[in-house]
Structures are given as structure tokens and as C-alpha cells.
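The values are calculated or read from the model by the stated rules, or taken from the named source; none is laboratory data. Computed from a predicted model, the values in this text were never measured in an experiment. Don't worry about glycine lacking a Cβ; one is built from the backbone with ideal geometry, like all the others, and counts go over all protein chains shown.
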Amino acid sequence: MRVKEDLWRATVADGRIVGHIERRDGVDGTEYVAKRLAPGQSRFHTLGEFWRMDDAMDCLRAL
């Protein structure tokens, strides 16, 4: 689900938020950063930076 122009929310089937994917434009091109919502907390932990959005989504799905 798109939250902003450069931010997507990752949810599971029951609607719980599990993370975000953030798009960043850098000198080497566009990167997608996968962030996992810390269970029981209101902060995110970076899982990785990827060149493709599909790879960032797969990273969140694998958890």
C-alpha cells in the first residue's frame, strides 16, 4: 500500500503492518530500502538496500 510518493507499507493478510519500503534516489541510481517494524515497538529496523523493489519486498516476505 502506497503511503507517500516514495514510501510503501507492507502488511500481512490480517492488516497488521510488518514494515515499509522506502525509495531513495542516490548518485548510483534508485535504491529501495526494506525496513521491518520492531514487534511491540514503534520503530523500524533497516533490513537491507536493494536495486529492485521486488527484492526489497521479497526480503520482507521472507520474515
Applying the selection to segment 51-60, what residues are exposed (fewer than 12 other Cβ atoms within 10 Å of the Cβ) and in a helix (DSSP H, G or I)?
Asp54
Considering residues of segment 15-50 that are small (Gly, Ala, Ser) and under 16 Å from Met1 (Cβ atoms) only, the residue surrounded by the fewest Cβ atoms within 10 Å (Cβ to Cβ)
Gly15
Filtered residues of segment 1-17 (kept if assigned to a strand (DSSP E or B), over 14 Å from Val33 (Cα atoms) and among the aliphatic types (A, V, I, L, M)):
Val3, Ile17
Unmet requirement for Arg61, which otherwise passes all of (1) modelled with pLDDT of 95 or more; (2) over 8 Å from the mean Cα position of the chain (by Cα)
(1)
Test: residue in segment 40-50 that is assigned to a strand (DSSP E or B) and touching a His at 6+ places or on another chain (Cβ under 8 Å):
yes
In segment 1-38, which residues are under 15 Å from Ala56 (Cβ atoms), acidic (Asp, Glu) and either in contact with a Pro (Cβ under 9 Å, 6 or more places away or on another chain) or at pLDDT below 95 (or both)?
none
Mind counting the residues in segment 8-45 that are under 8 Å from the mean Cα position of the chain (by Cα) and in contact (Cβ under 8 Å) with a residue 12 or more places away in the chain?
11
